[in-house]
Structures are given as C-alpha cells and as structure tokens.
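The values are calculated or read from the model by the stated rules, or taken from the named source; none is laboratory data. Since this is a predicted model, take the numbers as computed values, not measurements. For neighbour counting, all protein chains shown are included, and Cβ atoms are generated from backbone atoms with ideal geometry for every residue, glycine included. Accessible surface is based on the protein model in full, side chains and every heavy atom, while ligands, DNA and RNA are left aside. Shrake-Rupley method; radii C 1.70, N 1.55, O 1.52, S 1.80 Å.
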Amino acid sequence: LFLLMLFFLLRDGGKLREIHVSTRNIYSQQEADGNVFYAFFNTLHSTTRPEVVRRELWFGEGDYVTDESIAELERNLRAFGKFGAVKTTLVPTDQPGVADLDVDTRDRFSLLFSAHATLVGGVSGVSGQIGESNLLGTGKRVSLSGNSTNDGEHNVDLNYDDPQLLGSWHRLMVDTNFTQEGHDISVDLTRPLKYLEDTTTYGVNLDATKRNVDYYERGNSVAAVPLLQNSGRAFAARAYGPR
C-alpha cells in the first residue's frame, strides 16, 4: 500500500534525490559468453562513458522533474544516435514526492567499414570508408573515406563530429575534402536547441575552397582556372511559444 501511494505521488513527477546512469555494451555478458561473434563485437566496441549520457540532461539532483521531462530525455537519448536501447525510470524513495532517476542505455555497434569496386564505361575504380561513430565511448565521430579511378581521379574525405565540445552543449563539425584539383574545408560550431523548453540557438560556419576548375572542349581539358574562395556566416535565434 505504501509503494502504491508513492506511485500516485510520483505519477506527475517529483523532486530528484539521485541520478543513476548505467551504460552497457552492445551485448550482455551472458549473450557474449554464449556467442563468439557477440563477444568479438563487444571487444571491438568501447562502451559509452556515463558522463556522455549525463551531459544530455538539462536537470540535476534537487530539481523537480515531470513525467513529460523524463519521457523527453528518453527520446533525446535515442535520437543521440549512439544507443540501441534507452530506458529512463523514476524510482520512488521513502520520502513522499522524492524520487531517484535511473537511466539505462545499451550501445549500438559504432565501427564503420565499407569497400566497393566499380567498372563503368571502361573506367574502373575503388572506394572505401572506415570510421568510428562513438570514439572510445566519448560520443565523437570520425571517418575517413576515399575513391580512386584508373583515369587519375582521386578523392579523400575526412570528417569529425563532436556533439559535446569540451563537455558542453556546443557541437563542432569539421568536413574536409581533398582531390588532385585542390581541397575544401568546412567548420561548423553550433549550440543547437536541446530540449522542448530550450529557447536559444546560435552558431558560426566557415568554408574555405582552393582548387583548379577544369574547362573541357570535346572531352578534352583546355583550361584550369584557379579558384580561391573563403566564406563565413553566423546566426542566432530564439524560440517562443508553449512547450
């Protein structure tokens, strides 16, 4: 009866006493012990660090939270892209109107690898990609991809994405592209809207291009004009309205 009373007291939320975060690998230890492939994938993967999950919270111990906020946190963590399963639960305590929050996550496999070979119109090529979308369990993404053809075309892309720059809610994305004609570099630093009652977002973007632009006549390159272009933009916005 006492637990039932606590349930009704907390059905619309409560004051947080403690927050417990549990992060798990792709497969449980029991699953890995019974399947050599599961164990292999677990070995290749670094489990997400609990502080990565905690940084996505916009409330803390001592704050009053509602069921809506707890459900929103669960949705946000699923949308974070690093987890295969997320469960957030308010656990009643022996103090009326006071609860603990349990956050349980299970990772998804984050290693990226692909390779392709093509043959079109007598032109053969190879391409590939390797990357990690949860580098050492930090939530950061890094990837390297490229392609090459037998007619001298080469392309390399290096990308980096840090959704929690220096432990904050700022996101840094760096995209680079290198070819035999030159290179492109793009840097984005933004502070996105993180939850429904968040009101402010801003950011900056910088782009730099240096390459030779080929001009063709009857299938033959007749000129290569150098292109040097730098640009930047900044934005800020504020959201209004009800939750």
Inset, instruction - Could you check LEU112 against (1) closer than 24 Å to ASN42 by Cα; (2) modelled with pLDDT of 95 or more; (3) touching a Gly at 6+ places or on another chain (Cβ under 7 Å); (4) surrounded by fewer than 16 Cβ atoms within 10 Å (Cβ to Cβ) and say which number it fails? - result: (2)
Inset, instruction - State all residues of the stretch 186-243 that are touching a strand residue (DSSP E or B) at 6+ places or on another chain (Cβ under 8 Å) and among the aromatic types (Phe, Trp, Tyr); if no residue qualifies, say none. - result: TYR202, TYR215, TYR216, PHE235
Legend entry - Some residue of the stretch 98-107 being among the hydrophobic types (A, V, I, L, M, F, W, C), under 25 Å from LYS140 (Cα atoms) and surrounded by 13 or more Cβ atoms within 10 Å (Cβ to Cβ): yes
Legend entry - Residue within the stretch 38-46 that is of a type outside the set (Gly, Ala, Ser) and outside any helix (DSSP H, G or I) present: yes
Legend entry - Single residue of the stretch 158-180 satisfying the filter (closer than 19 Å to VAL126 by Cα and open to solvent by 40 Å² or more (accessible area, probe 1.4 Å)) that is nearest to the chain's Cα centre (by Cα): LEU158
Legend entry - In the stretch 56-84, the residues that are open to solvent by 60 Å² or more (accessible area, probe 1.4 Å) and either among the polar types (S, T, N, Q) or within 13 Å of the chain's Cα centre (by Cα) (or both): ARG78, ALA79
Inset, instruction - Please list, ordered by first then second residue, the pairs with beta carbon atoms under 6 Å, 6 or more apart or interchain, first in the stretch 20-39 and under 17 Å from LEU111 (Cβ atoms), second exposed (fewer than 14 other Cβ atoms within 10 Å of the Cβ). - result: TYR38/GLU31
Inset, instruction - Would you please name the residue that is least open to solvent (accessible area, probe 1.4 Å), looking only at residues in the stretch 17-37 that are assigned to a strand (DSSP E or B) and β-branched (Val, Ile, Thr)? - result: ILE19
Inset, instruction - Could you please find all residues in the stretch 212-237 being aliphatic (A, V, I, L, M) and farther than 27 Å from PRO192 by Cα? - result: VAL213, VAL222, ALA223, ALA224, VAL225, LEU227, LEU228
Inset, instruction - Output the strands (runs of 3 or more DSSP E) that fall wholly within the stretch 167-243 and possess 1 or more residues being closer than 30 Å to THR149 by Cα and touching a residue at least 40 places away in the same chain (Cβ under 8 Å), or say none. - result: 182-191, 220-238
Legend entry - Verdict on SER69 being within 15 Å of ARG108 (Cβ to Cβ) and either in contact with an Asp or Glu (Cβ under 9 Å, 6 or more places away or on another chain) or among the polar types (S, T, N, Q) (or both): no
Inset, instruction - Name, by its number, the condition in (1) assigned to a loop (DSSP other than H, G, I, E, B); (2) in contact (Cβ under 8 Å) with a residue 60 or more places away in the chain that does not hold for ASP151. - result: (2)
